[in-house]
Amino acid sequence: MKVGIVCAFDTYFDRVSLLKEYYEEKGAEVKVYSSDFSHRKKTKIPLQDPVTIQISTRPYQKNLSIARIRSHIDFSKRAYHTINSQVLDVLHVLIPCNSLAKTMSMYKRKHPQTRLIFDLIDLWPETMPISKWKDRFPFTVWKNIRDRYLNNADLVYTECDLFQEVLNQEDNPKFHTLYWARQEIPLQRKMDLKENEISFCYLGSMNNIIDIDFIAQFCEACSNYKKVRLHLIGDGESKKELIYQVKMKNVEVIDHNKVFDQVEKQKIFDQCHFGLNVMKENVVVGLTMKSLDYMCGQLPIINTIPGDTKDFCEKENIGFHVSHDCIKPMSKVICGQTIQENSIQRENIKSLYLRYFTKQSFINGINQTESMIK
C-alpha cells in the first residue's frame with residue numbers, strides 16, 4: 001500500500017508524525033510532502049522528519065496578507081504536480097491550506113481509486129480575529145475554496161466537534177472527529193500551591209488571537225480576593241503588551257520564556273492553580289494545542305473558547321469556563337476553590353487526557369472510524 005501525506009505547515013508535524021507511524025505500522029510505504037517555508041518562523045527550513053519531499057514555496061511575512069494566500073495557492077498547485085504522476089492507495093491531506101481541497105480533488109478525479117482523506121486542522125479565516133471582514137472579499141473566496149470541495153473526499157477528519165457544527169456537517173457520515181494527540185504521558189506531579197495566593201499560567205504563542213483585555217480584567221478581579229501571579233511560557237508579538245497590561249493591574253508576572261522540556265514545564269505547572277486557555281470571542285476554535293499541554297501537565301484550565309473545551313469543563317470538571325460577561329462572579333468562585341478541590345480537577349484532567357489525547361487514543365480513533373465506514 002502506498003500512502004501520501006500532504007501538509008503545508010511545520011506547526012502540524014506532530015500530527016503528521018503520528019499519521020506516518022500509523023500507516024507504516026499497517027505495512028504502508030509512506031511519503032510526506034511538505035513546504036520548505038516555515039509558517040511559524042517565516043524562514044526557509046531544512047529537510048527534517050517527518051518530511052520525505054519538500055516543495056518549494058513562496059515566502060510571506062504577514063499572516064493577514066494577500067501574499068500569504070498566494071503562497072498557499074502556489075503550494076497547493078506545486079503539491080498537485082508533485083504527486084500527480086503517482087498512483088497512491090491513500091492520500092491524506094491536512095487542511096489548511098484551503099486551496100489543497102481543490103487541487104487534491106483534481107488528483108482524486110484523475111485517480112478515482114485513491115482513498116482521499118481531508119484532515120481539517122484549522123478553519124481559515126474563521127479562526128482569525130477579523131469578525132467584520134470574514135464575510136467579505138477575499139475571505140469569502142478563501143473560505144469557499146475549501147467548503148466547495150470537502151465532499152470530494154472519501155473521509156473528512158475534523159480536529160474537534162465544533163468544526164463540524166460551523167461547517168453544518170454534523171449529520172454528514174463522511175465527517176468524523178479525530179482529536180489532536182501527543183506522544184507525552186503525564187509525569188508525576190508535586191503540587192506546590194498556597195491557599196492565600198492564586199497563580200495562573202499562560203503557555204504558548206502570545207499573538208493577535210489571545211484576549212489580553214480578558215486576561216488583565218480576570219487577574220484584576222481575582223486580586224480582590226487573593227494575591228495573583230501570572231507565569232508565562234512562550235513568546236510572541238503581543239507578549240510585551242500582555243505583560244504591560246497585567247502589571248498595570250498589580251499582578252506579578254514571572255516570565256519563563258520558551259520552555260520545551262516536559263520536566264521543566266511540569267515544575268511550573270505544579271506552582272500554578274490554573275492554565276489560561278483564552279482567545280478573543282470571534283475566534284472559532286474548539287480545542288487548542290496549549291490545552292493539551294495543560295492536560296498532560298495535569299493543570300486545570302480557565303477557558304473562554306466554545307465547543308469541545310467548554311463541554312469538557314462543564315461535564316468533566318477539569319476547570320472553569322468563564323464567559324466575558326461573568327468575570328467578576330466567576331473570579332470569586334475560582335478564588336474560593338480549596339487545594340483539595342483543585343487536586344480533584346487535576347486528576348480529572350489527567351484522566352481526560354489519557355482517554356482522548358494520547359498516541360494510543362489517536363490510533364484507536366482512526367481504527368474506530370475505519371471500522372464504521374467499511
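Distant-in-sequence amide contacts of LEU120, defined by a placed amide H-H separation under 5 Å and a gap of 5 or more residues or a different chain, comprise ILE95, TYR157, THR158, GLU159. Taking θ as phi - 60° and the Karplus parameters 6.51, -1.76 and 1.60, the scalar couplings of the range 244-250 work out to 4, 5, 5, 5, 5, 9, 6 Hz in sequence order, x denoting glycine and proline.
Along the range 210-223 the Karplus relation, 6.51 cos²θ - 1.76 cosθ + 1.60 evaluated at θ = phi - 60°, assigns HN-Hα couplings of 7, 9, 5, 4, 4, 4, 5, 5, 5, 4, 5, 5, 5, 5 Hz to successive residues, with x for each Gly and Pro.
For the range 308-370, the relative contact order works out to 29 percent when only alpha carbon pairs closer than 8 Å and six or more residues apart are counted.
If all Cα-Cα distances of the range 242-312 are sorted into 10 Å bins from 0 onward, what percent lands in each bin, rounded to whole numbers? Bins of 10 Å from zero give 17, 45, 35, 3 percent of pairs. Once a ≥ b ≥ c are taken as the square roots of the eigenvalues of the Cα gyration tensor of the range 37-88, is the result rounded (a/c under 1.5), prolate (a/b larger than b/c) or oblate (a/b not larger than b/c)? The shape class here is oblate. Ranked from largest, the principal axis spans of the Cα set of the range 10-64 equal 40, 17, 15 Å.
Shown here: the range 303-367, whose C-alpha atoms stretch 45, 27, 14 Å along the first, second and third principal axes, sorted largest to smallest. Here the chain is treated with +1 on each Lys and Arg Cβ and -1 on each Asp and Glu Cβ, and its dipole about the Cα centre works out to around 1160 debye. Across the accessible surface of the chain, with the other protein chains kept in place and a 1.4 Å probe, carbon and sulfur atoms take up 48 percent. Translational diffusion coefficient of the range 1-136 (Stokes-Einstein, Kirkwood radius from Cα pairs, 10 °C, 1.306 mPa s): 104 µm²/s.
Annotation: the chain has a Kirkwood hydrodynamic radius of 21.7 angstrom, from the mean reciprocal C-alpha pair distance.
For the residue pairs LYS280/LYS350; LYS2/LYS44; LYS110/LYS174; LYS226/LYS265; LYS190/LYS290; LYS77/LYS108, the C-alpha atoms sit more than 18 angstrom apart in LYS280/LYS350; LYS2/LYS44; LYS110/LYS174; LYS226/LYS265; LYS190/LYS290.
Calculated FRET efficiency, ILE339 to LYS62, Cβ-Cβ distance, R0 = 45 Å: about 0.50 to the nearest 0.05. Taking the three principal axes of the alpha carbon atoms in the range 147-268, the coordinate ranges are 54, 34, 27 Å, sorted in descending order. Sites listed here are trypsin sites (Lys or Arg not before Pro) in the range 138-216 whose DSSP assignment is loop and whose Cβ has at most 14 other Cβ atoms within 10 Å: ARG148, LYS190, LYS194. Summarising the amide proton neighbourhood of HIS321: residues at separation of 5 or more, or on other chains, whose placed amide H is nearer than 5 Å comprise ASN303.
Positive-end ranking of ILE210, GLN183, GLN169 along the dipole of the range 164-237, with charges on Cβ about the Cα centre, is headed by GLN183.
Calculated from DSSP H runs of 4 or more alone, at -39500 (n - 2.57) each and per residue, what is the 222 nm mean residue ellipticity of the chain, nearest 500? Present the calculation step by step, with values, prior to reporting the outcome.
On the way: 13 runs with 144 residues, N = 374.
My calculation for the chain gives -11500 deg cm²/dmol from helical runs alone.
Accessible surface area normalised per residue over the chain is 45 Å², counting heavy atoms of protein chains with a 1.4 Å rolling probe.
Normalised by the number of residues in the range 5-140, the average gap of Cα pairs under 8 Å and 6 or more apart makes the relative contact order 19 percent. Residue by residue, the range 3-12 carries 3J(HN,Hα) couplings of 10, x, 10, 10, 8, 7, 10, 5, 5, 9 Hz when phi is fed to the Karplus relation 6.51 cos²θ - 1.76 cosθ + 1.60 (θ = phi - 60°); x denotes Gly or Pro. Classification of the range 163-216 by its C-alpha gyration tensor yields an oblate form. The axis ratio a/c (a ≥ b ≥ c) is 1.5 or more, and b/c is at least a/b.
The values are calculated or read from the model by the stated rules, or taken from the named source; none is laboratory data. Computed from a predicted structure; not experimentally measured. So basically every Cβ, Gly included, is an ideal-geometry build from the backbone, and we count neighbours across all protein chains shown. Keep in mind that these areas ignore ligands, DNA and RNA; they rest on the heavy atoms of the full protein, side chains included. Shrake-Rupley method; radii C 1.70, N 1.55, O 1.52, S 1.80 Å.
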